[in-house]
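Beneath this line is the structure, given in structure tokens, with notes to follow.
The values are calculated or read from the model by the stated rules, or taken from the named source; none is laboratory data. Predicted model, so just to flag it, every value in this text is computed and none were measured. Glycine also receives a Cβ, built like all others from the backbone with ideal geometry; neighbour counts cover every protein chain displayed. Calculation scope for accessible area: heavy atoms of the full protein, side chains included, ligands and nucleic acids excluded. Shrake-Rupley method; radii C 1.70, N 1.55, O 1.52, S 1.80 Å.
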Amino acid sequence: MDEKYMRRALELAAKGRGRTSPNPMVGCVIVKDGRIIGEGYHKKYGGPHAERNALAACSEDPSGADMYVTLEPCCHFGKTPPCADAVIESGIKRVFIGSLDPNPKVGGGGAERLRRNGVETVVGVLEKECLELNKIFMRYITSGEPYVMLKYAMTADGKIAAASGRSKWITGEKAREDTHRDRNAYSAILVGVNTVIADDPELTCRIEGGTNPTRIVCDSTLMTPLDSKLVRTAKEIPTVIATCSGSGKRAEAYTKAGCRVIRAAGRDGQVNLKLLMKKLGELKIDSVIIEGGGEIAWSALRAGIVDHVKCYIAPKIFGGAAAKTPVGGVGVSDPSQAFRISEPKISRLGDDFLIEGDIKCSRG
């Protein structure tokens with residue numbers, strides 16, 4: 001029965017996807033005499049937390065009831081007062097927690113405060129599922145850097161474009177819908193400047209009511225066209241140009257157009273992706289999708305910044321010795337050096353297949 005109510009709390013938490021960043025998604029269910037009397041979730045960053053929303057929605061006095069919450073109630077003042085205090089004041093008898101909060105400001109303190117005030121507290125109900133729901137938050141709050149997903153679509157023979165360079169469309173509608181769900185869920189999307197020059201993408205979320213990610217272009221020498229869709233819409237949708245040279249008239253032109261120019265120079269004349277991730281974290285960007293270009297994909301893998309990979313495979317064959325592949329660069333010299341996807345999951349999206357999993361990289 002405990003798992004039943006926690007699963008409902010997980011369903012509620014997921015409703016906040018794309019709106020709570022850089023805070024976690026949290027759901028809460030209050031049960032009294034075997035009946036749900038209140039539900040709530042964290043709806044948006046800066047708004048009331050799940051516990052307070054659930055308490056406010058109670059159809060009767062919650063005194064003596066049980067609470068099921070996917071993440072440990074906070075015990076510190078942030079945008080809102082501590083949720084642990086609200087739970088104690090409500091007269092809740094027992095609290096079932098999915099997972100403890102890795103935030104150093106909480107870190108078990110919320111559960112301990114509940115116990116000290118006579119609230120029976122159980123930790124670890126559907127813990128794996130609760131941790132998975134907030135894997136982005138978990139990385140960001142413990143490292144200060146965004147969770148990074150590398151995503152690409154390719155044919156059955158490993159091509160991301162035909163020999164002519166044309167790439168629309170490799171995958172079908174269902175796979176593209178999945179891409180836009182990710183754009184809604186992640187804070188930012190990153191491409192290389194060559195992708196901008198070749199495709200002139202908008203990099204927006206096309207889900208009704210969805211949230212557009214911050215667009216980031218890795219552009220070492222400031223080649224991004226000023227008349228590109230990204231630059232022309234920079235005052236409406238946050239846009240970042242990451243470069244090795246953040247000064248001069250060219251940089252000023254991007255700033256005037258509404259872009260934020262970030263300098264993250266590497267020794268090889270390319271953008272230092274590790275440094276860029278640190279700077280994005282400081283801007284409260286908690287997650288990044290890398291979507292465009294084989295060279296940027298290789299650079300990200302080589303830099304050790306990739307946490308997760310999503311590979312969409314279409315049942316098509318393009319051929320062409322020079323046709324582009326999803327990961328460029330020099331590649332590894334020996335199969336034993338391969339970047340490995342751990343515990344890969346395979347699913348079908350229409351006629352296409354999706355292989356995804358965490359990748360063994362190091363951010364040392």
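Subtract the Cα-Cα distance of Asp33 and Ala163 from 0.36 nm times their separation in residues, and report this length gain in nm to one decimal.
Working it through step by step, the gained length comes to 40.2 nm.
For Glu252, Glu60, Glu356, give the ranking by accessible area with the largest first, probe 1.4 Å.
Order by accessible area, largest first: Glu252, Glu60, Glu356.
Out of the GluC sites (Glu not before Pro) in the range 177-240, which ones are loop residues according to DSSP with at most 11 other C-beta atoms within 10 Å?
Answer by residue number: Glu208, Glu236.
Using a Gaussian network model on the chain with a 10 Å cutoff between Cα atoms, which of Arg17, Arg35, Arg263 fluctuates the most?
The residue that fluctuates most here is Arg35.
Amide H neighbours of Leu71 under 5 Å, at least 5 residues apart or on other chains, H built in the peptide plane: list them.
Answer set, sorted by chain and number: Gly27, Gly98, Ser99.
If the cut-off is a Cα-Cα distance under 17 Å, which aspartates and glutamates reach Lys128, setting aside same-chain residues fewer than 8 apart in sequence?
Filter leaves Asp2, Glu3, Glu11, Glu72, Asp101, Glu343, Asp358.
Answer with a single label: of [x] 21.2, 69; [y] 22.6, 70; [z] 24.5, 83, which was calculated as Rg and Dmax of the Cα atoms in Å from the structure in view?
Computed from these coordinates, Rg and Dmax of the Cα atoms in Å corresponds to label [y].
Applying 1/(1 + (r/R0)^6) with R0 = 35 Å to the Cβ-Cβ distance of Asp61 and Lys284, what FRET efficiency is obtained, to the nearest 0.05?
So the FRET efficiency works out to roughly 0.35.
Note down the relative contact order for the chain as a percent, whole number, built from C-alpha pairs under 8 angstrom at least six residues apart.
15
Let me check I've understood the local charge: for Pro315, count other residues with C-beta under 11 angstrom from its C-beta, Lys and Arg +1, Asp and Glu -1. What total comes out?
-1
In the structure shown, do any of Lys274/Lys345; Lys256/Lys310; Lys278/Lys310; Lys135/Lys229; Lys4/Lys284 have a Cα-Cα gap over 25 Å, and if so which?
Lys274/Lys345; Lys256/Lys310; Lys135/Lys229; Lys4/Lys284
Tell me, what HN-Hα J-couplings in whole Hz come from the Karplus equation 6.51 cos²θ - 1.76 cosθ + 1.60 at θ = phi - 60° for each residue of the range 156-166, using x for Gly and Pro?
5, 9, x, 10, 9, 6, 6, 4, 6, x, 6
Under a straight-distance cross-link criterion of Cα-Cα below 17 Å, which lysines are reachable from Lys316, leaving out those fewer than 8 residues away in the same chain?
Excluding near neighbours in sequence, the set is Lys159, Lys168, Lys174, Lys324.
As an exercise, use a Förster radius of 41 Å and the Cβ-Cβ distance of Met223 and Arg116 to find the FRET efficiency, rounded to the nearest 0.05.
Computed FRET efficiency for Met223 and Arg116 comes out at 0.10.
Gain in length, Ile317 to Asn194, computed as 0.36 nm per residue apart minus the alpha-carbon separation, to one decimal in nm?
Once the chain is fully extended between Ile317 and Asn194, it gains 41.9 nm.
So for the range 107-197, what are the equivalent ellipsoid semi-axes in whole Å, largest first, each being the square root of 5 times an eigenvalue of the Cα gyration tensor?
Whole-Å semi-axes of the equivalent ellipsoid: 43, 15, 10.
Let me understand the range 94-134 better: what is its radius of gyration from the alpha carbons, and its Dmax, in angstrom?
In Å, with Rg to one decimal and Dmax whole: 10.4, 30.
With a length cut of 27 Å (Cα positions projected on each helix's long axis) and a Kyte-Doolittle mean of at least 1.6, go through the chain and give me the DSSP H helices that pass.
Span-like helices here: none at all.
By average Cβ neighbour count within 10 Å, what is the ranking of 65-72, 209-216, 116-123 from highest down?
Peptide ranking by packing, descending: 65-72, 209-216, 116-123.
Give me the aspartates and glutamates in straight-line cross-link reach of Lys15: C-alpha distance below 13 Å, same-chain residues under 8 apart excluded.
Excluding near neighbours in sequence, the set is Glu39.
Grab the alpha carbons of the range 190-334, take their convex hull, and tell me the volume per residue in Å³.
Convex hull of Cα atoms, per residue: 148 Å³.
Leaving out ligands and nucleic acids, note down the accessible area per residue over the chain with a 1.4 angstrom probe, in whole Å².
I get 48 Å² per residue for the chain.
With θ set to phi - 60° and the Karplus curve 6.51 cos²θ - 1.76 cosθ + 1.60, what are the ³J(HN,Hα) couplings of the range 38-49 in order, to the nearest whole Hz, using x for Gly and Pro?
Ordered by residue, 3J(HN,Hα) equals x, 9, x, 8, 6, 7, 7, 4, x, x, x, 6 Hz.
Applying the Karplus parametrisation 6.51 cos²θ - 1.76 cosθ + 1.60 with θ = phi - 60° to the phi angles of the range 67-75, what ³J(HN,Hα) value in whole Hz is obtained for each residue in order, glycine and proline being reported as x?
Residue by residue, the range 67-75 yields 10, 10, 9, 5, 9, 3, x, 6, 10 Hz.
Set the Förster distance to 35 Å, then compute FRET efficiency between Asp334 and Arg267 from the Cβ-Cβ distance, nearest 0.05.
For R0 = 35 Å, the calculated efficiency reads 0.90.
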